[in-house]
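Q: Okay, here's the structure, questions in a sec.
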Amino acid sequence: MATWEPESLGILDLPSGRSIRGRGLRNPLPSGPLPTFGVYLTGKEPPATVWDSVWVRWRDFWLPSDPDALRSALHEVWVRSESERVEIACGGGYGRTGTALAALAIMDGVSSKDATAYVRAHYSPRAVEMPWQRRFVTRFTP
């Protein structure tokens, strides 16, 4: 199975070489290959997909309802992204998605104090929107 093409939209390249796509569910599905696995961070159950997916309950602008469920989903993202097209998405693709991508960067070896800046530099300057999301990232343990 192939991973994302470097020119695909919304790709975060981690230091290990893994690539994960972040996106907003309110936007149309990007053109090109479909993901093989997705993690969806929403307050209510997201629509079904034709690829494997996990839903983590997470209201807009807040923190995950179950941090252990997020940690488990991110572990699966990290493992599968070595050889598969994996995406993480929330409504807009910045706050919850950025927070999860920053936590994933920590799992990949980025320090917790640098993870938000890393995601903002390599994914979107709008990532990790709320102060409590930034605090969640600095306290995240894989």
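The values are calculated or read from the model by the stated rules, or taken from the named source; none is laboratory data. Bear in mind the structure is a predicted one, so any value in this text is a computation, not a measurement. FYI the Cβ positions are ideal-geometry reconstructions off the backbone, even for glycines, and counts take in every protein chain you see. In case anyone asks, the SASA skips ligands and DNA or RNA and just uses the protein heavy atoms, side chains included. Shrake-Rupley method; radii C 1.70, N 1.55, O 1.52, S 1.80 Å.
Q: Any residue that is touching a His at 6+ places or on another chain (Cβ under 8 Å) and open to solvent by 50 Å² or more (accessible area, probe 1.4 Å) - is there at least one of those in region 75-90?
A: Looking for residues that are touching a His at 6+ places or on another chain (Cβ under 8 Å) and open to solvent by 50 Å² or more (accessible area, probe 1.4 Å), one finds none in region 75-90, hence no.
Q: Out of Gly98, Gly91, Gly38, report the one residue that is touching a Ser or Thr at 6+ places or on another chain (Cβ under 9 Å), at pLDDT 95 or above and more than 16 Å from Ile11 (Cα to Cα).
A: Gly91
Q: Is it true that some residue in region 95-109 is small (Gly, Ala, Ser) and open to solvent by 10 Å² or more (accessible area, probe 1.4 Å)?
A: Yes, that holds for at least one residue.
Q: Could you please tell me which pairs satisfy a Cβ distance under 7 Å, a separation of 6+ or placement on different chains, a first residue in region 8-26 that is over 10 Å from Ser81 (Cα atoms), and a second residue that is at pLDDT below 95 and surrounded by fewer than 13 Cβ atoms within 10 Å (Cβ to Cβ)?
A: If the second residue must be at pLDDT below 95 and surrounded by fewer than 13 Cβ atoms within 10 Å (Cβ to Cβ), the pairs left are Ser8/Gly32.
Q: For the list (1) within 14 Å of the chain's Cα centre (by Cα); (2) assigned to a loop (DSSP other than H, G, I, E, B); (3) under 12 Å from Gly93 (Cα atoms), I need the number of the one condition that Arg21 fails.
A: (2)
Q: To continue, here is another question. Restricting the search to region 111-142, which residues are open to solvent by 20 Å² or more (accessible area, probe 1.4 Å) and either touching a residue at least 40 places away in the same chain (Cβ under 8 Å) or at positive phi (or both)?
A: Answer for region 111-142, where residues must be open to solvent by 20 Å² or more (accessible area, probe 1.4 Å) and either touching a residue at least 40 places away in the same chain (Cβ under 8 Å) or at positive phi (or both): His122, Tyr123, Glu129, Met130, Trp132, Phe136, Pro142.
Q: Right, here's the next one. Can you pull out every residue in region 12-23 that is surrounded by 16 or more Cβ atoms within 10 Å (Cβ to Cβ) and out of contact with any helix residue (DSSP H, G or I) (no Cβ under 9 Å at 6 or more places or on another chain)?
A: Ser19, Arg21
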